[in-house]
Amino acid sequence: MIVNSEKMLLDAKKNKYAVAHFNINNLEWTKYILETCQALQVPVILGVSEGAIKYMGGYNTVASLVKGLDKDLKLTIPVCLHLDHGASVEACSKAIAAGFTSVMIDGSKFPLTENIRLTKEVVKMAHYKNVTVEAEIGHIGGSDVGSADQKYFAKLDDCLKLYQETKIDSIAPALGSVHGLYKGKPNLDYNTMRKINDNLPIPLVLHGGTGLSKEDIAKAIDCGIAKVNINTDLQITWCNSVREFLLNNKDVYDPRKVISSGEMAVKKRIEEFVTLFKTPKISKL
Ligand code: 13P
């Protein structure tokens, strides 16, 4: 069942758990996530970056892939198809036209007024089609650009302004998390996270889930995080398994065998994340 993220994230905020957002890269990846979440009976968000969309062929291909799997795997769980880090109104518009149920407009590299202007435009277009919108504030980059630096952190007043002027459905405030691998120990600003959560009626999103400890995740959920984004961890998990398989099976050339040698490890990690995020079964929602 393909849905937007409104109901699942509001419930997560209210009941202090998080819904997993896993980035997808190909058919197999998408199938592993959907099969695992269906078996666990938990809602899930499939995040697709513009780069991954280009890699897979385009917006329509991605939307058709997810719609096809929803039907063929007879999914009964809520699945949200989300554009991750949409960089422009045009990217969001293409995702919405193709059937994505949620979009992120990432105006975080612009001054607040421009971020608000862009986000407002996307919200108007998205809400008309019942598509939910996530926006970013402060700036969450990679550890290479030093995004864990406090100068990139989101401020409560700016979050309030962004929400009040745009009526976004969820917000990703930069509070020390980074995409990819952390340099040193992650140091998230939980106080501001809690303040933002207490002052805004919408759910908070944590980008850069890879490399955070169990304690970090538990604290973040307690401070209001309702969605945790995971990409790099599953990539490393898959890659390690495939590398080992290829080293031990030099005569194998069937791509299905090569690619699926990472399946069990990826599925195990997905289950571990869902358990860590305390996502309840849909029967309890
Ligand atoms: P990681 O790659 O660090 O898990 O972050 C994923 C993410 O935030 C995607 O938006």
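FYI, it's all coordinate maths here, none of it is from the lab. All of these numbers come straight from a predicted model, not from anything done at the bench. Please note: Cβ atoms are built from the backbone with ideal geometry, for glycine as well, and neighbour counts cover all protein chains shown.
Helical runs (DSSP H, four residues minimum) scored at -39500 (n - 2.57) apiece and divided by the length of the chain put the mean residue ellipticity at 222 nm at -15000 deg cm²/dmol.
Starting from the Cα of residue 7, step 7 Å toward the Cβ, then list every residue of segment 251-285 with an amide N under 13 Å from that point. Backbone N within reach: 282-285.
Against the chain, whose longest principal axis comes from its Cα atoms, helix 112-128 is set at around 60 degrees. Pairs of Cα atoms under 8 Å, at least six residues apart: use those to get the relative contact order of segment 161-218, whole percent. Dividing the mean separation by the residue count of segment 161-218 yields 44 percent. Measuring between their Cα centroids, segment 100-119 and segment 138-209 lie 14 Å from each other. When each of 251, 198, 106 is scored by the number of other beta-carbon atoms lying within 10 Å, the sequence from fewest to most is 251, 198, 106. Ordering 225, 196 by the number of other Cβ atoms within 10 Å of each residue's own Cβ, fewest first, gives 196, 225. Within straight-line reach of residue 183, meaning a Cα separation under 18 Å, sit the following lysines at least 8 residues removed in sequence or on another chain: 151, 214. When the C-alpha to C-alpha distance is required to be over 27 Å, the pairs from 54/219; 13/155; 71/268; 13/94; 195/267; 185/281 that qualify are 54/219; 13/94; 195/267; 185/281.
Rounded to the nearest whole Hz, the Karplus-based 3J(HN,Hα) values (6.51 cos²θ - 1.76 cosθ + 1.60, θ = phi - 60°) of segment 74-87 follow the sequence 6, 5, 10, 8, x, 10, 10, 9, 10, 7, 8, 6, x, 8, with x at glycine and proline.
In this structure the amide hydrogen of residue 25, modeled in the peptide plane, comes within under 5 Å of the amide hydrogens of 30, none closer than 5 places in sequence on its chain. The antiparallel fraction among DSSP beta bridges confined to the chain stands at about 0%. Fewest-first ordering of 127, 207, 85 by other beta carbons within 10 Å of each residue's beta carbon gives 127, 85, 207. Placing +1 on the Cβ of every Lys and Arg and -1 on the Cβ of every Asp and Glu, with nothing else charged, gives segment 53-179 a dipole about its Cα centre of roughly 380 debye. Its relative contact order, with pairs defined as Cα atoms under 8 Å and 6+ residues apart, puts the chain at 22 percent. For segment 196-206, backbone phi angles converted through the Karplus equation (6.51, -1.76, 1.60; θ = phi - 60°) give residue-by-residue couplings of 4, 4, 6, 9, 10, x, 9, x, 9, 10, 10 Hz, Gly and Pro being listed as x. Per-residue Karplus couplings for segment 93-109, computed as 6.51 cos²θ - 1.76 cosθ + 1.60 with θ equal to phi - 60°, are listed in order as 5, 5, 5, 4, 4, 7, x, 5, 9, 7, 9, 10, 9, 9, x, 5, 7 Hz, Gly and Pro entered as x.
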